[in-house]
Amino acid sequence: MNPSHAPDIPTVYLDHSATTPTHPDVVRAMLPYFTEHFGNPSSLYSISDAARAAIATARTQVAAALGCSADEIFFTAGGTESDNWAIRGMTSARKKEGNHIVTSSIEHHAVLHTCGYLETQGFSVTHLPVDRYGLVDPAQVEAAITPETTLISVMMANNEVGTIQPVQEIGAVARDHGICFHTDAVQAVGHMAIDVDAMKIDLLSLSGHKFFGPKGTGALYIRDGILPDNLIHGGGQEKGRRAGTENVPGIVGLGAAIARVTIDIPGHRERVGALRDMLVQGISGRIPDSHYNGHPDKRLVNNAHFSFPGLDGEALLLMLNRKGICASIGSACSSGCEDMSHVLRAMGVPPSYGRSSLRLTLGDDNTKEEIEYVLDVLPPLIARLREMAAF
Ligand SMILES: *Cc1c(COP(=O)(O)O)cnc(C)c1O
């Protein structure tokens, strides 16, 4: 498939934060809804019953993963749409009360650029700083609130360095001030327990393809009584709040996938955490001048993010690809889009470190042998790239 990737080398996929393969069990659950159960869920004849029932089941599965009621789950076409709906919908609904948004400086582009768009529409946005680990300080969230603030949006876990935010504390600040709290939890699902009540979350975004579900599927949790304006107008689907004939196979897949990854989170954390720790210790021990970015323990259990000053991150990715290893510089879109990731910049990482970064994100499908292979391949590659760069 890839000409620069020798055919006899097996693929080692370490980019699960970019996307994941749809799990075979999830595909199996979806298939009948392309064919025998093809009926439009809005139709009134009985061949649509199965589609309607499957959507209801998926809604229950998503709700169970978040600790909310099924009525509070709305299906979307992915994480980006959920973020857009939450932010544009909420600020629009509360426009009479104010025009100020509080967010962080390390959000995914789906939040960052949505807030940027709203700035062109007369809103003002505070981008909170983070510390060198990528953590937002809840006291700074509180200090940023003005009488005009109508929304606080801070992600649950960062997609580049994996830092997990003190969401519960931020939620408490928002609740105390009567301000709506949205969190982008796209990276968090399956890797940590989520409870929207305990965390005082009003709106939460998630995306199916980040947890072995299908691409183009997502959901927005909307707390009962919170009424963001609609983003997608049309028919009466999703209780009249998100129009368009439902992506029934996709919704079924999303439900099956979230049930699968949340059934044993402690077991997952143990397995994947052991592999990640092996990777991190191996890299730190074998590669001189390697810098582990992000928080040492308030981080996603599957994330390892390093800087290897003295080389170019993109060159490293190309070399890794030739060895069958799929990794990333940081975010899926960092390459080519910007000189250095806005996340690393906000953390105060120097540009020479930022440009030499490598993100390895694991999944349950990785093995100890794969990690050993990476630990064999990586040190000589990095030594060679550093030598070449030194000329
Ligand atoms: C992937 C991702 C998104 C976007 O989700 P899509 O379903 O790909 O649109 C949003 N936020 C974060 C943190 C992500 O990692």
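The values are calculated or read from the model by the stated rules, or taken from the named source; none is laboratory data. The model shown is predicted, which means the values in this text are computed figures rather than measured ones. Quick reminder, even Gly has a Cβ in these numbers, built from the backbone with ideal geometry, and neighbours come from all protein chains shown.
For the range 101-116, check the following and say yes or no: at least one residue is in contact with a strand residue (DSSP E or B) (Cβ under 9 Å, 6 or more places away or on another chain) and free of Cβ contacts under 8 Å to residues at least 24 places away in the same chain. Within the range 101-116, one or more residues are in contact with a strand residue (DSSP E or B) (Cβ under 9 Å, 6 or more places away or on another chain) and free of Cβ contacts under 8 Å to residues at least 24 places away in the same chain. For the range 1-100, the helices (runs of 4 or more DSSP H) that sit wholly inside it and include 3 or more residues that are out of contact with any Asp or Glu (no Cβ under 6 Å at 6 or more places or on another chain) are 24-30, 49-66, 79-84.
Please state which one of A86, A65, A54, A58 is among the hydrophobic types (A, V, I, L, M, F, W, C), within 22 Å of H177 (Cβ to Cβ), surrounded by 22 or more Cβ atoms within 10 Å (Cβ to Cβ) and modelled with pLDDT of 95 or more. None of the others qualify; the one that does is A86. Annotation note: of H127, H109, the sole residue that is farther than 21 Å from V196 by Cβ, within 12 Å of the ligand (Cβ to nearest atom) and not small (G, A, S) is H109. The residue of the range 155-176 that is farthest from the ligand (Cβ to nearest atom), among those that are assigned to a loop (DSSP other than H, G, I, E, B) and more than 12 Å from the chain's Cα centre (by Cα), is P166.
Any residue that is under 17 Å from the mean Cα position of the chain (by Cα), within 15 Å of the ligand (Cβ to nearest atom) and among the hydrophobic types (A, V, I, L, M, F, W, C) - is there at least one of those in the range 239-257? So far as the range 239-257 goes, yes, one or more of its residues are under 17 Å from the mean Cα position of the chain (by Cα), within 15 Å of the ligand (Cβ to nearest atom) and among the hydrophobic types (A, V, I, L, M, F, W, C). If you check L317, L311, L254 for being within 23 Å of D365 (Cα to Cα), hydrophobic (A, V, I, L, M, F, W, C) and surrounded by 21 or more Cβ atoms within 10 Å (Cβ to Cβ), only one passes: L254.
Got at least one residue in the range 177-194 being assigned to a strand (DSSP E or B), small (G, A, S), closer than 30 Å to L275 by Cα and within 16 Å of the ligand (Cβ to nearest atom)? No, the range 177-194 has no match at all. The single condition among (1) surrounded by fewer than 17 Cβ atoms within 10 Å (Cβ to Cβ); (2) in contact (Cβ under 8 Å) with a residue 24 or more places away in the chain; (3) closer than 30 Å to E119 by Cα; (4) not polar (S, T, N, Q) that L31 does not meet is (3). In summary, G208 fulfils each of the numbered conditions (1) out of contact with any Pro (no Cβ under 6 Å at 6 or more places or on another chain); (2) closer than 29 Å to S357 by Cα; (3) buried (at least 24 other Cβ atoms within 10 Å of the Cβ) with the single exception of condition (1). When the criteria are applied in full, E36 fails the requirement of being surrounded by fewer than 15 Cβ atoms within 10 Å (Cβ to Cβ), at pLDDT 95 or above, touching a Ser or Thr at 6+ places or on another chain (Cβ under 7 Å) and not hydroxyl-bearing (S, T, Y). The number of residues in the range 39-51 being surrounded by 12 or more Cβ atoms within 10 Å (Cβ to Cβ) and either closer than 18 Å to G235 by Cβ or not assigned by TED's automatic domain parsing to the domain that holds G250 (or both) comes to 7. State whether one or more residues within the range 142-151 are within 12 Å of the ligand (Cβ to nearest atom), touching a residue at least 40 places away in the same chain (Cβ under 8 Å) and either assigned by TED's automatic domain parsing to the domain that holds G79 or under 22 Å from F75 (Cβ atoms) (or both). No, the range 142-151 contains no residue that is within 12 Å of the ligand (Cβ to nearest atom), touching a residue at least 40 places away in the same chain (Cβ under 8 Å) and either assigned by TED's automatic domain parsing to the domain that holds G79 or under 22 Å from F75 (Cβ atoms) (or both). If you go through the range 285-336 and keep only what is polar (S, T, N, Q) and modelled with pLDDT of 95 or more, you end up with S290, N293, N302, N303, S307, N321, S328. Residues that are touching a strand residue (DSSP E or B) at 6+ places or on another chain (Cβ under 9 Å), modelled with pLDDT of 95 or more, farther than 25 Å from V161 by Cα and aromatic (F, W, Y) do not occur anywhere in the range 125-133.
Residues that are of a type in the set (A, V, I, L, M), farther than 18 Å from G162 by Cβ, in a helix (DSSP H, G or I) and not assigned by TED's automatic domain parsing to the domain that holds A193: does the range 367-375 have at least one? Checked against the condition, which is being of a type in the set (A, V, I, L, M), farther than 18 Å from G162 by Cβ, in a helix (DSSP H, G or I) and not assigned by TED's automatic domain parsing to the domain that holds A193, the range 367-375 yields at least one hit. Looking at this structure, is D224 touching a residue at least 24 places away in the same chain (Cβ under 8 Å) and among the acidic types (D, E)? Yes: the conditions hold for D224.
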